[in-house]
Amino acid sequence: MKELMMSLLLWIGANSTLPVEGVPLPEIEFLSSEELHNLYTVEDACDTNYRALYDMNHTIIYLLDDWDESNLIDRSFLLHELVHHVQKEEGYEFRVMREEESYLLQFSYLEESATDDSDEMLRISDLFYIIMNNCHIM
């Protein structure tokens with residue numbers, strides 16, 4: 001998991017203005033769907049379709065217990081939460097700014113990493129549409 005997180009941090013650094021050098025890795029904890037859902041607050045309402053959550057107070061990324069490293073979309077959720085981790089390290093304060101940047105990087109990663117598999121591209125497009133509409137980003 002450390003190698004994947006380091007790889008994703010390097011990708012974030014190469015594809016954004018966020019400085020990733022020297023950023024410590026957060027802890028990872030796997031939770032059931034119910035446990036993850038219970039962690040959501042009202043502010044996280046747009047995140048209910050998520051498979052991950054970043055706890056800024058404890059520097060932990062929570063992933064669903066069926067999270068699969070070989071699944072591109074699951075990796076993109078980890079990347080999204082790692083963006084929040086780097087943002088926290090940089091002192092970001094405004095939620096909407098944090099979310100917009102995280103979503104844009106997540107979908108850039110998905111587009112760049114996706115194969116030519118049309119079913120996979122449709123799933124990514126559907127996910128993008130759902131999140132953008134539910135979270136009122138952009």
Revision key, fill the gap. Taking the stretch 56-75 and keeping only residues that are surrounded by 12 or more Cβ atoms within 10 Å (Cβ to Cβ), not in a helix (DSSP H, G or I) and not charged (D, E, K, R), one is left with M56, T59, I60, I61, Y62, L63, L64, W67, N71
Study note, to complete from the structure: Per the filter on the stretch 52-87, residues acidic (D, E) and closer than 16 Å to E99 by Cβ are D55, E81
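Each row is one residue, and each column tells you yes or no for (1) modelled with pLDDT under 95; (2) of a type in the set (K, R); (3) over 16 Å from the mean Cα position of the chain (by Cα); (4) under 17 Å from G91 (Cα atoms).
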site: M5; (1), (2), (3), (4): no, no, no, no
site: L8; (1), (2), (3), (4): no, no, no, no
site: G13; (1), (2), (3), (4): no, no, no, yes
site: S32; (1), (2), (3), (4): yes, no, yes, no
site: D44; (1), (2), (3), (4): yes, no, no, no
site: T48; (1), (2), (3), (4): yes, no, no, no
site: N57; (1), (2), (3), (4): yes, no, yes, yes
site: Y62; (1), (2), (3), (4): yes, no, no, no
Check your understanding: Does the stretch 79-93 contain any residue that is modelled with pLDDT under 85, more than 23 Å from L110 (Cβ to Cβ), of a type outside the set (G, A, S) and exposed (fewer than 14 other Cβ atoms within 10 Å of the Cβ)?
Key -> yes
Practice item. Please go through the stretch 13-32 and pick out each residue that is without any contact (Cβ under 8 Å) to a residue 40 or more places away in the chain and not in a loop (DSSP other than H, G, I, E, B). Key: G13, A14, E27, I28, E29, F30, L31
**Study point:** Index of the failed condition, V20 passing every other in (1) under 14 Å from the mean Cα position of the chain (by Cα); (2) at pLDDT 90 or above; (3) surrounded by 18 or more Cβ atoms within 10 Å (Cβ to Cβ)
**Key:** (1)
Check your understanding: Out of (1) modelled with pLDDT of 90 or more; (2) in contact with an Asp or Glu (Cβ under 7 Å, 6 or more places away or on another chain); (3) assigned to a loop (DSSP other than H, G, I, E, B), the odd one out for I137 is which?
Key -> (1)
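The values are calculated or read from the model by the stated rules, or taken from the named source; none is laboratory data. Bear in mind that the values here come from a model prediction, so they are computed numbers and not experimental data. So basically every Cβ, Gly included, is an ideal-geometry build from the backbone, and we count neighbours across all protein chains shown.
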